[in-house]
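To keep things clear, I will list the structure first and then write my remarks on it.
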Amino acid sequence: MDPIFGRTRSVVAWLEPNHERLRSLQGSVIGWLNGDAVYSVGGSHVGFFTDGTFRDLSGRVVAFVRAARPGVAMPGLGGVPGRPDLSGVPGKPGFSGRRGRPGNVSGWSHTSFNEFVR
């Protein structure tokens, strides 16, 4: 699993190797990826994942993976915690309609990653 780093450069969640599910630090499923669209665990479209960067619906950066090219200032990364034990996988929800992707904004979202995937 790849660590997902938030605005403070600490690990906020995990991205499964197949890029299908997002997992909390404790290992439970907290979101889904479908193409470049990010969905909450309940199936609501909440943002986009492009170039290793999670962006909110207005195009601002919420979080990123190590290989990202976010286009915002990024100082050093924090330490990476041990990978969690994985809990079971809930059934994949029906996904809501996908919004059009806005242009990338070179700034950070005021939304935390946990708020983003709710």
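The values are calculated or read from the model by the stated rules, or taken from the named source; none is laboratory data. Predicted, not measured: the structure shown is a model, and the values here were computed from it. Here the Cβ is made from the backbone with ideal geometry for all residues, glycine too, and neighbour counts use every protein chain on show.
Search the range 1-32 for residues being within 20 Å of Gly79 (Cα to Cα) and among the polar types (S, T, N, Q), and hand back the single one that is nearest to the chain's Cα centre (by Cα).
Step by step, filter the range 1-32, then rank; the result is Ser24.
Test each condition in (1) buried (at least 16 other Cβ atoms within 10 Å of the Cβ); (2) assigned to a loop (DSSP other than H, G, I, E, B) for Val12 and report the one that comes out false.
Here Val12 clears every test but (2).
Which residue pairs have Cβ atoms closer than 7 Å, lie 6 or more positions apart in sequence or on different chains, and pair a first residue in the range 95-118 that is closer than 19 Å to Leu33 by Cα with a second residue that is loosely packed, with under 14 Cβ neighbours inside 10 Å and hydroxyl-bearing (Ser, Thr, Tyr)?
Pro102/Ser58
Which number in (1) basic (Lys, Arg); (2) out of contact with any Gly (no Cβ under 9 Å at 6 or more places or on another chain); (3) outside any loop (DSSP other than H, G, I, E, B) marks the one condition that Arg7 misses?
(3)
Of the conditions (1) crowded, with 18+ Cβ neighbours inside 10 Å; (2) of a type in the set (Gly, Ala, Ser); (3) modelled with pLDDT under 90, Gly6 fails just one. Which one is it?
Of (1) crowded, with 18+ Cβ neighbours inside 10 Å; (2) of a type in the set (Gly, Ala, Ser); (3) modelled with pLDDT under 90, only one is false for Gly6: (3).
Take Gly94 and decide whether it is among the small types (Gly, Ala, Ser), out of contact with any Leu (no Cβ under 9 Å at 6 or more places or on another chain), modelled with pLDDT under 80 and within 17 Å of Gly47 (Cα to Cα).
yes
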